[in-house]
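In what follows, a single structure is set out as structure tokens and then discussed.
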Amino acid sequence: MKQFVLMVVLLGVTVAFAQEVSITLVNGKSLKAKILKIEAEKFNGTGREPSSALSVVQGNSEYMLSFDKIDSIKLVDTDDMSCYEDSAYVPVREFCSRKLMYEVKLKTADKNKQKIEIVDERKFIFNFADKMEPVVSFFYKIQASDEGKEAETNLKQIESVVKDFQQNGIKSIKF
């Protein structure tokens, strides 16, 4: 029975992601492609798994919103970069982050007129059916650290990683 339920869920996810999307990146590049799968992982590249939803907030309510209910996602604002050291780690670990604000529009109009904002801190990887390079984007906070490379990485390099993710991230996506 569990296998049957898993197959039904996977089939539903596959059908939902076989749709064509239009993506505009912050760097100005645009593409149209069919989504093969969407994956999400922690900012440090661990815990990668398929994802069919993202965490959003509307008013005071936070919930998971399925990608198949989303019409579009649009970047509306970015904050300044923030860098800091965390001495709770030995050796001391450095972090840099930049908060982003994306708004979501639904395919079906919502009774609640409050805007929907993404608050999911994971990194999303959009894989396409036609063997195009995946698009990697953060939708809430870009974060990078020198985890595991404390001795050979400096703060400027970590800042550069955050800037690269922002420049190559999604500005808008239309499902």
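The values are calculated or read from the model by the stated rules, or taken from the named source; none is laboratory data. Keep in mind the model is a prediction, meaning the values are calculated, not measured. Every residue, glycine among them, receives a Cβ derived from its backbone with ideal geometry; neighbour counts consider all protein chains shown. Side chains are part of the model used for accessible areas, which takes the heavy atoms of the whole protein and leaves out ligands, DNA and RNA. Shrake-Rupley method; radii C 1.70, N 1.55, O 1.52, S 1.80 Å.
Brief remarks follow.
- Top-ranked residue in the stretch 82-111 [being among the hydrophobic types (A, V, I, L, M, F, W, C) and farther than 30 Å from ILE35 by Cβ; ranked as surrounded by the most Cβ atoms within 10 Å (Cβ to Cβ)]: PHE95
- Criterion violated by ASP68 - all others in (1) more than 22 Å from ASP164 (Cβ to Cβ); (2) part of a strand (DSSP E or B); (3) open to solvent by less than 90 Å² (accessible area, probe 1.4 Å) satisfied: (2)
- Residue that is polar (S, T, N, Q) and closer than 26 Å to LEU31 by Cβ, where the choices are SER82, SER97, SER66: SER66
- Of all residues in the stretch 132-155 being over 18 Å from THR24 (Cα atoms) and open to solvent by 50 Å² or more (accessible area, probe 1.4 Å), the one that is modelled with the lowest pLDDT: ALA151
- On inspection, ASP120 qualifies as touching a Leu at 6+ places or on another chain (Cβ under 8 Å), closer than 21 Å to SER52 by Cα and either assigned to a loop (DSSP other than H, G, I, E, B) or open to solvent by 60 Å² or more (accessible area, probe 1.4 Å) (or both).
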